[in-house]
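Report on the structure given below.
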Amino acid sequence: MPGKDRTTSTDERGAINMSKLQRETGGSGAGVEHIEEMARRLRYHIIRMVGKAGSGHPGGSLSSSDIVAALYFGGVLRVDPRNPLWSERDRFVLSKGHAAPVLYAALAEMGFFPVDVLLTLRKMGSPLQGHPDCRKVAGVEVSTGSLGQGLSIAVGMALAGKLDKKDYKVWALLGDGECQEGQVWEAAMAAAHYKLDNLRIIIDHNHLQIDGPVDRVMSVGSLGDKFRAFGWEVLSVDGHDIRELLEAYRRSSEGKPLAIVAETVKGKGVKFMEGVAAWHGKVPQGEELDRALAEVTIRETEERGQ
Amino acid sequence: MPGKDRTTSTDERGAINMSKLQRETGGSGAGVEHIEEMARRLRYHIIRMVGKAGSGHPGGSLSSSDIVAALYFGGVLRVDPRNPLWSERDRFVLSKGHAAPVLYAALAEMGFFPVDVLLTLRKMGSPLQGHPDCRKVAGVEVSTGSLGQGLSIAVGMALAGKLDKKDYKVWALLGDGECQEGQVWEAAMAAAHYKLDNLRIIIDHNHLQIDGPVDRVMSVGSLGDKFRAFGWEVLSVDGHDIRELLEAYRRSSEGKPLAIVAETVKGKGVKFMEGVAAWHGKVPQGEELDRALAEVTIRETEERGQ
Amino acid sequence: MKAARDAYGEVLVELGKENVRIVVLDADLSSSTKTAVFGKAFPDRFFNMGIAEANMMGVAAGMARAGKIPFVSTFAVFATGRTYDQIRQSIAYTGFNVKIVATHGGLTVGADGASHQALEDIALMRVLPGMTVIVPSDAEETKLAVRAAAAHTGPVYIRLGREAVPQVFPAGSSFEIGKGNVLLPDVSREDVIAADPSSRRFDVSFIACGVMVKECLDAASLLEAQGLRCAVAGFASVKPFDADLCMALAKGSRLVVAAEEHSVIGGLGGAVCECLSGSHPSRVLRIGVEDRFGESGPARELLEAYGLTADSVARRVRAVLDTNQTTV
Amino acid sequence: MKAARDAYGEVLVELGKENVRIVVLDADLSSSTKTAVFGKAFPDRFFNMGIAEANMMGVAAGMARAGKIPFVSTFAVFATGRTYDQIRQSIAYTGFNVKIVATHGGLTVGADGASHQALEDIALMRVLPGMTVIVPSDAEETKLAVRAAAAHTGPVYIRLGREAVPQVFPAGSSFEIGKGNVLLPDVSREDVIAADPSSRRFDVSFIACGVMVKECLDAASLLEAQGLRCAVAGFASVKPFDADLCMALAKGSRLVVAAEEHSVIGGLGGAVCECLSGSHPSRVLRIGVEDRFGESGPARELLEAYGLTADSVARRVRAVLDTNQTTV
Ligand SMILES: Cc1ncc(C[n+]2csc(CCOP(=O)(O)OP(=O)(O)O)c2C)c(N)n1
Ligand SMILES: Cc1ncc(C[n+]2csc(CCOP(=O)(O)OP(=O)(O)O)c2C)c(N)n1
Ligand SMILES: [Mg+2]
Ligand SMILES: [Mg+2]
């Protein structure tokens, strides 16, 4: 389990130590190739899941796959599938809840639940709801789906962590369109006010929302400038470059929350979906599904997961 | 009626012409001394109103008095008390609705209703509700009181103005604490996206909210930086300097909405209220009321208004 | 079979041609709410406000104050709960002429699950002073309701579903805000109201809105086959509420059933109970979602699982009629 | 005479001492909601979130997920309508252990007027699955309700008033979520429920919450002086609703009166009508604000103008009893 070996005593580890520790070990030894491989697996699961479900959100799940893979399999996120509510765990909030498939895929690969459950996505009775439900799935930190709410929840977790003098980190993944929600800026202001340097967000900056390019629908301008003006530390990375992501994840930001603006391509990994807004909430079927699967295929033996 | 003389044909006047026009005429000829005098009258009315009502919000009304006086009596806001719903009128939205007393005072002095109505503030049956009600008072553009909503409404009016190719301007006055509301940033984003250069806001930056200093309760940091990052043109002025206010009001901002951050003192004009958070929603009574009135007193003959 | 939202898109374009004051706002869901159809026809009068529903309501309020007739659309969850205070303060309290047309109401949203299934929106909008609340049953009634909303001065909330639904609203019937429609038997609303209240004519009267009108009609068929006399009324106009028709139905029936794709709390069922308790206490069976959240699944399976299909409705009616004293 | 919010501040401090997991959040109204008292005693566990209510609800949700017991306060208008979707999605759907304690509910907010007078909050919170809704009648009951909320696992909404109010909750009585209290006559809830339903014991039974409990007690005095037998029950626990007590009262009375400082739509009155229509159809007179916004004025004058004082309540009860068949 990535992350488990990083459990050291609370007192001896601050943000800097942690990041040093990770840099030395390369985060539980997970190499970049391994993470890339895991990202491919996530994409494979995503396409299979939504294809089977007949609905869902492939575009924003694919754009987040490298981000999520680096977080879960890069030794960054300290979680324990055998003890999902472990009090010292790092918290990950999928604020862009419609990307549930990528979260479910990561949780399954981490061992929170069997990989074959993935194919029940969105079916009656499945724990895998269209949007994540924390009452149904271990490892889902909080239920999301109504955009703009996740960062506030992450702020609450980070405040609690500070109050309890715990050294866990709180992570949240936001969409760029989602940043149009005012609640995101309320939360951003509060995070800076309370100096939450145990809070990090990643913005999946894929430049698309449902109705088209973010710039055209409702421009968010420079998200970096905005978060900086709201008192945050900001990093920009290529959201499909595992190395850059890991490097950013390991940075600390004393006294400030950290926003990582990850430049991504919506639908990444399936050529015909890349950069096409229509694939936000549409799923490939029939021949298209086969083509998509062919692009993200993994070896048969891998398919069964761990 | 200030503003009336500025009615020229729609086609020949853009933002620049208008501002030039005003500069030349000094805005319907209203001199700075006159405006200062009007600001004093507003303060006088405010104290009398809330004193009589026994409740209300003097602090944020007093801090806005010069801002509002310059707008209404400086030949800036084009409104007609005899035709309150005149389709070409400039719109003023008091987003910080609890400052109703300063708006009511200005409207009464403008002739929208008799000055003696002011003393019915907050009483049963009065049109002068604790927070402005546009169904009850001519000249009140929109009902406010729930903070954070006025800018959105102003954006709607500005969009409609653009659509109708009208040259009216839309003004909104916001509190600095109010800028903690996420809806303000949603509206700010939309205003920039739609290039609403017919929209201007003034932020009454008095550095206090109910529970204390804004910096301590929930820091808004640099409001200028934030609005700039949200795509606005920003000006900073001394919110008690009529000259600076007029100068800012006359600036145009092609292709962008304009935010004027007015540095003010909460409770301005009544020494014992100045900079004291407690006077946000508390009213002076008895001996305190006398002291306050003495500071803002105007000549008896003036009291009756126009 | 046609989705109400498709009808909405079409009628919006018609209205756009007829009245230049009509503008349309959406919050990044225009392809789903079908306002994109209007956006294509009248790009100048279509405003995408992005994922910022609260601001969208305020912007609509400002446009209305400036003389426009804004139609504002997004999913029902976000069109009501996400923006309740904005609707309350900037639209209902001001009385501004804003039309909120929400799609994706109810369980039949389907696989997106609980976060996207509005089950409280009717209750939320109904409690707002001055708000008109309409829940059409099909594409045809949607068109009429949207037209009625445009003609009405003041705030209106219209709730539409996501799925294609069969026609149940009688072709050629009129739609009037504040009035229900008697769909079964084939008599007019006025006839039912005028009927001698002492003659108990129905075993059960269904009062329904949205997709539940169809389910109630089907339930009525099942019950009539069992020898029970049924009436079915479409109460698309949840507010103003047609108290006259409701009362007449109650007076002429052993049991009143109120059915909606909504929580059994505070919606149409609440309106029926409040109305009857005040003037003609009657037994009311409320059919709806039993105070819980929805979940992911196919629309039809969800209706079944939550007891909202004709079968289930008929069974529950039967059980009440068989085992209980039913009315006064 | 004591304001419920003052009692809230006091009991918060007591709870803060007893349980370190308790944290308190406010949105720039801590002096009015009285959470400032807690803030002074436990500065580390008090979080002012500024004028950003939506975020505050999310933050509370996150803190609850991390093991805290957050008490979240602001005015009732902003604590519910401004944040409905946040409460729905991040608190009710998740079932997180957040306590929303709102002050300034109802008309008695007074001179601030309609924008600040919550008249729909009970309806909004009642329709949320899993939400417990409590509207205490005085300072004493407030203390017990806040303690009960802290002891209960799951989301709770408590609505308090602004003004000092007389004590009506019997000293030494217990408060239990889901149970009403019989205040008049001097019999226990259990006795009322156990009583022979065929013996009609009351002319009128009042079911009330908040400040209306006192008005109903006074109205009962007026009516008893006229020879009518009255029962008054405090239904602070609006949800879960005490159906047993409600039904027992209805069975034993000619008329049920539901009274609340809230819209007559969807609140306690709605709950009473829904309950009784389902099982024991009864005449219900709903006393509340008649589907309109409030306005500025002194608290008492407002109650009078909106028909919420004992006098007016008694008159209306009398009129119904005198002119109508009242029950089954
Ligand atoms: C409050 C809210 N409004 C609207 C929606 C509907 N919706 C789901 S996804 C989406 C677009 C999200 O765009 P973005 O945040 O850029 O996500 P990504 O591109 O990463 O998928 C919208 C509008 C929602 N889920 N929540
Ligand atoms: C949405 C909302 N939340 C809370 C309040 C209560 N309230 C009224 S005034 C105020 C403080 C406003 O501070 P600021 O915006 O700085 O105004 P000013 O200092 O100019 O008076 C608050 C919290 C409100 N009216 N609306
Ligand atoms: Mg995007
Ligand atoms: Mg201020």
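Jot down the per residue volume, in cubic angstrom and as a whole number, of the convex hull over the alpha-carbon atoms of the stretch D:181-323.
Residue-normalised Cα hull volume stands at 104 Å³.
When a/c reaches 1.5 or more, the comparison of a/b and b/c decides; with that in mind, is the stretch C:1-157 rounded, prolate or oblate per its Cα gyration tensor?
Rounded shape, in that the Cα axes give a/c under 1.5.
Any idea what the dipole of chain C comes to, in debye rounded to 20, about its Cα centre with Lys/Arg Cβ at +1 and Asp/Glu Cβ at -1?
580 debye
Just need the relative contact order of chain B here, percent rounded to a whole number, with Cα pairs under 8 Å and 6+ apart.
22 percent
Given H placed 1.01 Å from N in the peptide plane, which residues other than close sequence neighbours of B:ILE203 have an amide H under 5 Å from its amide H?
Residues meeting the amide H criterion: B:LEU174, B:ILE260, B:VAL261, B:ALA262.
Over all directions, how big on average is the projection of the convex hull of the alpha-carbon atoms in chain D, in square nanometres?
Dividing the Cα hull surface by four gives the mean projection, 15.2 nm².
First select every other residue whose beta carbon is under 15 angstrom from the beta carbon of D:SER198; then total the charges, Lys and Arg +1, Asp and Glu -1.
+3
Where both residues lie in chain B, what percent of DSSP beta bridges are antiparallel, nearest 5?
Here the antiparallel bridges make up roughly 10 percent for chain B.
Give, to the nearest whole percent, the P(r) tail of the protein assembly as shown beyond 64 angstrom, counting all Cα pairs.
Beyond 64 Å sits 7 percent of the P(r) for the protein assembly as shown.
By the scheme Lys and Arg +1, Asp and Glu -1, what is the net charge of all other residues having a beta-carbon under 12 Å from that of D:THR153?
That sum, taken over residues with Cβ under 12 Å, equals +2.
Lys/Arg Cβ at +1, Asp/Glu Cβ at -1, dipole of the protein assembly as shown taken about the Cα centre: which of A:ILE35, D:SER277, D:GLN226 is farthest positive-ward?
Toward the positive end, the furthest listed residue is D:GLN226.
How shielded is B:130-136 by partner chains, expressed as the average number of their Cβ atoms within 10 Å of its Cβ atoms?
If you average over the peptide's residues, the count of other-chain Cβ atoms is 6.
Using the number of other C-beta atoms within 10 angstrom as an exposure proxy, rank A:ARG216, A:ARG78, D:ARG159 with the fewest first.
Starting with the residue having the fewest Cβ neighbours, the order is A:ARG216, A:ARG78, D:ARG159.
Report the residue, chosen from A:ILE153, A:ILE260, A:ILE46, that carries the largest GNM mean-square fluctuation when chain A is represented by alpha-carbon nodes joined by springs under 10 Å.
A:ILE153
Under a point-charge model restricted to the Cβ atoms of Lys and Arg (+1) and Asp and Glu (-1), what is the dipole moment magnitude of the protein assembly as shown relative to its Cα centre, in debye to the nearest 20?
400 debye
Mind telling me which of D:HIS104, D:HIS280, D:HIS116 comes out most flexible in a GNM of chain D, alpha-carbon contacts under 10 Å?
D:HIS280
Tell me which cysteines of chain C come out unpaired when the rule is another cysteine's Cβ under 4.7 Å.
Lone cysteines by the Cβ rule: C:CYS209, C:CYS216, C:CYS230, C:CYS246, C:CYS275.
Which one, C:MET247, C:ALA76, C:LEU321, projects farthest toward the positive side of the charge dipole computed for the protein assembly as shown from Cβ point charges (K/R +1, D/E -1)?
About the Cα centre, the residue reaching furthest to the positive side is C:LEU321.
Evaluate the charge dipole of the stretch D:2-165 about its Cα centre and quote only its size in Debye, nearest 20, assuming +1 on the Cβ of each Lys and Arg and -1 on the Cβ of each Asp and Glu.
Here the size comes out at about 420 debye.
Given contacts defined as C-alpha pairs under 8 Å and at least six residues apart, what's the relative contact order of the stretch C:2-165, whole-number percent?
28 percent
Among A:VAL184, D:VAL257, C:VAL165, which comes first, then next, by fewest other beta-carbon atoms within 10 Å?
Ordered from fewest to most neighbouring Cβ atoms within 10 Å, A:VAL184, D:VAL257, C:VAL165 come out as C:VAL165, D:VAL257, A:VAL184.
Under a cut-off of 26 Å between alpha-carbon atoms, report the lysines in cross-link reach of A:LYS169, not counting same-chain residues fewer than 8 places apart.
The qualifying lysines are A:LYS4, A:LYS20, A:LYS96, A:LYS136, A:LYS195, A:LYS226, A:LYS256, D:LYS68, D:LYS99.
Collect residues whose amide H, placed 1.01 Å from N in the peptide plane, falls under 5 Å from the amide H of C:ILE158; neighbours closer than 5 in sequence don't count.
Here C:ILE100, C:VAL101, C:ALA102, C:ILE134 satisfy the definition.
Taking 0.36 nm per intervening residue step and subtracting the Cα-Cα distance, what contour gain separates D:ALA41 from D:GLU301 on full extension?
89.9 nm
Shielding by partners for D:295-306, please: the mean number of other protein chain Cβ atoms within 10 Å of each residue's Cβ.
4
Could you check the simple spin-label distance between C:GLU190 and B:GLU37, using points 7 Å along Cα→Cβ, in nm with one decimal?
Simple spin-label model gives 6.8 nm for this pair.
What does the average come to when, for each residue of peptide B:160-171, you count the partner chain Cβ atoms lying within 10 Å of its Cβ?
3
Could you identify which residue out of B:GLY125, B:GLY150, B:GLY239 has the top mean-square fluctuation in a GNM of chain B using Cα springs shorter than 10 Å?
Highest fluctuation of the listed residues: B:GLY125.
Projected onto the charge dipole of the stretch C:28-115 (+1 at Lys/Arg Cβ, -1 at Asp/Glu Cβ, origin at the Cα centre), which of C:SER90, C:SER30, C:ALA52 gives the Cα projection farthest towards the positive end?
C:SER90
Of all beta bridges DSSP finds with both residues in the stretch D:150-305, what is the antiparallel percent, to the nearest 5?
15 percent
Express as a percent, rounded to the nearest 5, the fraction of DSSP beta bridges in the stretch C:2-165 (both residues included) that run antiparallel.
About 10 percent, rounded to the nearest 5.
With θ set to phi - 60°, apply the Karplus curve 6.51 cos²θ - 1.76 cosθ + 1.60 along the stretch B:165-180 and write out the HN-Hα couplings as whole Hz, x wherever there is a Gly or Pro.
6, 9, 9, 5, 9, 10, 10, 9, 10, 10, x, 6, x, 4, 5, 6
Fewest to most neighbouring Cβ within 10 Å: what's the order for A:MET273, C:MET49?
Exposure proxy ranking, most exposed first: A:MET273, C:MET49.
Which whole-angstrom value gives the distance between the alpha carbon centres of the stretch A:58-132 and the stretch B:38-103?
54 Å
Within the set of other residues whose C-beta is less than 9 Å from the C-beta of D:MET125, count the net charge using Lys and Arg as +1 and Asp and Glu as -1.
+2
Between the stretch C:142-213 and the stretch D:91-153, what is the separation of their alpha carbon centroids in Å?
36 Å
Please list the three semi-axes, largest first and in whole Å, of the ellipsoid equivalent to chain B, using sqrt of 5 times the eigenvalues of its alpha carbon gyration tensor.
Output for chain B: semi-axes of 28, 23, 17 Å.
Since every read-out is calculated from the coordinates, none of them should be taken as a lab result. Owing to the predicted nature of the structure, the values given are computational and were not obtained by experimental measurement. Glycine also receives a Cβ, built like all others from the backbone with ideal geometry; neighbour counts cover every protein chain displayed.
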